[in-house]
Amino acid sequence: MNALEFIVAGMLAAATPFLLAALGEMVAERAGVLNLGVEGLMAMGAVVAFIIVYHGGGHLLGFLAAGLASAALSLVFAVIALGFRANQVAVGLAIGILGQGLSALFGKSYESLTVKGLPKLSLPWLSDIPIIGGLFAQDVVVWLSLAATVAIWAIFAYTKTGLVVRAVGENPKAAHALGYPVIAVRFAAVAFGGVLAGFAGAYAAVVYTPLWADGMIAGRGWIAIALVVFGTWLASRIFLGACLFGAVSLASLAAQATGLDVSSQLLSSLPYLVTIVVLGIISSNRRLLKLNGVASLGEPFEQ
Amino acid sequence: MSALSRPFLPVLVRREYASLAIKLVAPPAALGLATLLNLGLYLLMGRDPVAVFHAMLMEPFLSWASFSEVLLKMGPLLLIAQGLAIGFRAKVFNIGAEGQFILGAIFASAIPIWLPQATGQWIWPAMLVLGALGGVLWASLTAFWRVRLNANEILVSLMLALVAAQLLNYLLLGPWKDPAGFNFPQSVMFQYDAMVPILIPGTRVNVSLLIAFAFSLAAWVFMQRSFAGYKLQVGGLAPHAAGYAGFNEGRAIWLSLLIGGFAAGLAGAAEVAGPLGQLQRSISTGYGYAAIIVAYLGGLHPIGIIFSALLMAALYIGGDNAMVSANLPVAAVRVFQGSLLLAYLVSIAFVRYRLEWRHAAHGSAP
C-alpha cells in the first residue's frame, strides 16, 4: 500500500472524531451558544467508552454511555452559562479543564491498556476500485457519521426545527417574542453537542486508536471548534474541513513510516499549524464570516 | 390554570446595583462549594475525605517548609494571571499563556546553553529579559492573527501553545539535549550565575516572587489609574462606546496580548532560572491554564489575584501532599481547579442578579 492509498483509505476514520465534535459544536453555536469545553467533553466520552469496552460491555454500550456522560457534563455548562448567565468563554474553559481532569482521574488505572476496535464494512464492487477503493471500506461508526452529517445538513436546510434553532441564535429576542422557548432550545442544542462530542471521544478511544493514554484527545476538541469557523457553520463544509484534518494527520503518519527526514515534533504540530494558517485565511474574509456567522454567539439571553 | 397549581420556579432578577458584599463573599463561597463537591468525589473513590482535606488545604499552611514551597509556586501563577486579567478585562481572551510561558523558558535558556562558561551577575537578569521577549514574540503572533487576519484569538493562542509544547520537545530531544544526561529529555544544568538569587534564606523562594508583586502593583496602577488601562476596560465593557470615543480596538488587542505574553514569558524564564535550573519537560505543568482560573477567581482585579494565586499555589502543594499521604491521583488537582472555577462563576452571578421564586408563567409579571 503506498502513501496515497494509505491516506485515502484512512482519511474518513481519522476525520470522524473531528467531524462528530465539530457538528455538535456547530449545532450549539447555531443556537447562539459558544461551548469551548469540547476538548473536555471528548476526553470524558473517551474514558467512559474505554472503561466500558475494556470490561466487555461492548462498543454500542460504550458509545451510548460516552454520549450520556458528555451530555451530562455539557448540561453543567448549560446550567451555569445559560441558567446563571455566566461568561460562556470562562464556563467553557472550566468545563474543558474539569472534563480532562475527570478523564485522567477515571482512566488512571487503564493507562496503556488496549481494546479491540471495530471491523471494516466494505461496500461491494466499490471497495475493489484501485487507489480509491479503500474509501469504501469503513467501520460502522464512520458510515453513521456520514449519515449524521447529511441529516444535520437537511435539518438546517429544510426543517422548521433547524429554522427555530437558527432564529434563536440569530435574534433571541425576536424568537422569544414569537413564543419560542429560547433557553430550552439552547439547552437542547448544548446537550446535543455534548452527545456528539462524547461519541467523538469514544470513537477516538475505542475505534480509531483503541489504546488508553492520558491526554489522548490531544487538541482535537479545539481543532473541532476551529472547524466550525472553517466550515462557516455549514455541515457540508465542516465535513470537508474534517477530511482535510484527517488527511493531514495521516500524512504525518505516512511521512514517518516512509522514513522521511522530518522531526516527529514538527509532524505532530502539523494539525495545529494548519489550523492556525487556515483560520487566518478564512477569518480574513470578513464578509464571509459576517454572512454565515451567528449574530448572538456567546451572548447571554435576558428577557 | 389557577395560580396555585403552577409550580414555583427560581428566576434570576437583575439587581439595581451590583452587590459589593457578594463580590467579596463569592470567592470563599466558591472555595467552600468546590471543596464539598470534591470531598464527595474522594469519598466515592474510597479515600478518607478528612485526610485529603487536611493534606490538601491545611498542610500547605501548617509548616514553614511547605508554606515556602507555596510561595515558590505562587510566583509564576501570580505573574501570568496578572497579565491575563488585563486582557480578559478588555475581552481579549488569551488562553495560550502556557505557550508564551514555554517560549519564555526557551528564550531564557538560550544564554546558559550557548554560553555555559559565562560568569557574572548580568546573566540571570539578561535571561529574564530574554524570556519576557520570547513570551512577547509568541503572543504577537496571536495579536497579528487577531488584528490583521480577524482570526479568533482563543483558538490561535491555544494552537500556538500546543505548537510550543512540541517545540520544547524538539529542543530537548534534539539540539539542546544534555549529551551527558543519559538520554533524558533535558538540557545541561545551568551555571550558578544563571540562577535568580534566593529571596528568603533557607528556602527556594527567589527574587522572582518580588518581581511578581512589583508586576501586580504595576498592573493595579495601569488598570485603576492610567488612561490606557481605562481605554482597555471601556473596550471590554462597551466596545461600541469605545469605538465612538475613538479608542483604537486593534491597539487594545495588541497591548492586551503583549502584556500577557510579557508576564508569561517572564514567568517561564524565572522557572528555568529558579527552582529548575535547567530546561526540562516539567516546566510545562499547566501554569498557563491554571493562571486563567487564578485571574477569574481574583475577580480580574490585581489585589484579588494576589489572594487567588496564593490559594491556587497551595492547591498544587496540597495536591502533592494528598498524592503522597492519601494516595490521591495528581489529576484530582485539575478536577478541583475546574470545579473551583465553575463554583466561582455560579456564585459571582449573584453579584448582578438575585434569585426570586415565581410561578412558572409566560412572561415575567408577578
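Computed from point charges on the beta carbon alone (+1 for Lys and Arg, -1 for Asp and Glu), the dipole magnitude for region B:76-296 about its Cα centre is near 440 Debye.
Helix A:264-283 versus the longest principal axis of chain A: what is the Cα-based angle in degrees, 0 to 90, to the nearest 10? So the helix axis and the longest Cα principal axis differ by about 40 degrees.
At 25 °C and a viscosity of 0.890 mPa s, what translational diffusion coefficient does Stokes-Einstein give for region A:133-231, taking Rh as the Kirkwood radius over Cα pairs? Give it in µm²/s as a whole number. After rounding, the answer is 154 µm²/s.
Based on the reciprocal of the average 1/r between different C-alpha atoms, the Kirkwood radius for region A:213-303 equals 14.9 Å. As a length-normalised measure over Cα pairs under 8 Å and 6 or more apart, the relative contact order of chain A settles at 37 percent. Rounded to the nearest 20 debye, the dipole magnitude of chain A is 700 debye, with +1 charges on Lys and Arg beta carbons, -1 on Asp and Glu beta carbons, and the Cα centre as origin. Taking Cα atoms only, the orientation of helix B:153-173 departs from the longest principal axis of chain B by about 30 degrees.
Shape annotation for region B:14-124: C-alpha extents along the principal axes are 56, 43, 27 Å, from largest to smallest. Compactness of region A:72-195, taken as the C-alpha radius of gyration over 2.2 N^0.38 Å, stands at 1.48. Sequence-ordered 3J(HN,Hα) estimates for region B:262-269 from the Karplus curve with 6.51, -1.76 and 1.60 and θ = phi - 60° stand at 4, 5, 5, x, 4, 5, x, 4 Hz, glycine and proline given as x.
Dividing the Cα radius of gyration of chain A by its Kirkwood radius returns 0.98 for Rg/Rh. Distances between placed amide hydrogens fall under 5 Å for A:ASP139 paired with A:LEU121, all partners being 5 or more residues away or on another chain. Highest mobility in the GNM of chain A, judged by mean-square fluctuation with C-alpha springs under 10 Å and restricted to A:VAL33, A:VAL185, A:VAL262, is found for A:VAL262.
Inter-chain Cβ neighbour count for B:162-172, averaged per residue, equals 5 (cutoff 10 Å, partner chain atoms only). If you take the alpha carbon atoms of the protein assembly as shown and fit the smallest convex hull around them, that volume is 180 Å³ per residue. Each of B:LEU62 and A:LEU144 was given a label point 7 Å from its Cα along the Cα-to-Cβ line. The distance between the two points is 5.1 nm. The alpha-carbon of B:LYS177 sits under 27 angstrom from the alpha-carbons of these lysines, leaving out residues fewer than 8 places away in its chain: B:LYS73. Computed over chain B, relative contact order equals 37 percent, with contacts defined as Cα pairs under 8 Å that lie 6+ residues apart. Computed from the C-beta positions of A:SER122 and A:LEU291, the FRET efficiency with R₀ = 30 Å rounds to 0.15. Could you run the Debye sum over the Cα atoms of chain B, one equal point scatterer each and no solvent, and tell me log10 of I(q)/I(0) at q = 0.15 Å⁻¹, two decimals? Here the Debye-derived log intensity ratios amount to -1.33.
About its Cα centre, the protein assembly as shown has a charge dipole of approximately 1740 debye under the convention of +1 per Lys or Arg Cβ and -1 per Asp or Glu Cβ, with nothing else charged. Among B:ALA218, B:ALA331, B:ALA314, the largest mean-square fluctuation in a Gaussian network model of chain B (Cα springs under 10 Å) belongs to B:ALA331.
In this structure, the amide hydrogen of B:ASP178, modeled 1.01 Å from its nitrogen in the peptide plane, lies closer than 5 angstrom to those of B:GLN186, B:SER187, B:VAL188, counting only residues at least 5 positions away or on a different chain.
Cβ crowding within 10 Å ranks A:LYS290, B:LYS23 as A:LYS290, B:LYS23, fewest other Cβ atoms first. Inter-chain Cβ neighbour count for B:339-347, averaged per residue, equals 6 (cutoff 10 Å, partner chain atoms only). Of all lysines in the structure, the ones whose alpha carbon falls short of 22 Å from that of A:LYS173, not counting any fewer than 8 places away in one chain, are A:LYS160, A:LYS290. Of all lysines in the structure, those lying under 16 Å Cα to Cα from B:LYS231, and not within fewer than 8 positions of it along the same chain, are B:LYS91. Give the shape of region A:229-280 as rounded, prolate or oblate, defined through the alpha-carbon gyration tensor: a ≥ b ≥ c are the square roots of its eigenvalues, a/c under 1.5 means rounded, and otherwise the shape is prolate if a/b is larger than b/c and oblate if not. Because a/c hits 1.5 or more and a/b fails to exceed b/c, region A:229-280 counts as oblate. Near the amide H of B:ALA151, within less than 5 Å, lie the amide hydrogens of B:ARG146, all on another chain or at least 5 residues away, with H placed in the peptide plane. Need one word for region B:238-366: rounded, prolate or oblate. Basis is the Cα gyration tensor (sqrt eigenvalues a ≥ b ≥ c); a/c below 1.5 gives rounded, then a/b vs b/c decides. Cα axes put region B:238-366 in the oblate bin.
Of all the options B:VAL163, B:VAL272, B:VAL205, the one that moves most in a Gaussian network model of chain B with Cα springs shorter than 10 angstrom is B:VAL163.
Values quoted throughout were computed directly from the atomic coordinates according to the rules given, and no laboratory measurement underlies them. Remember, predicted model here, so these are calculated numbers, not experimental data. For neighbour counting, all protein chains shown are included, and Cβ atoms are generated from backbone atoms with ideal geometry for every residue, glycine included.
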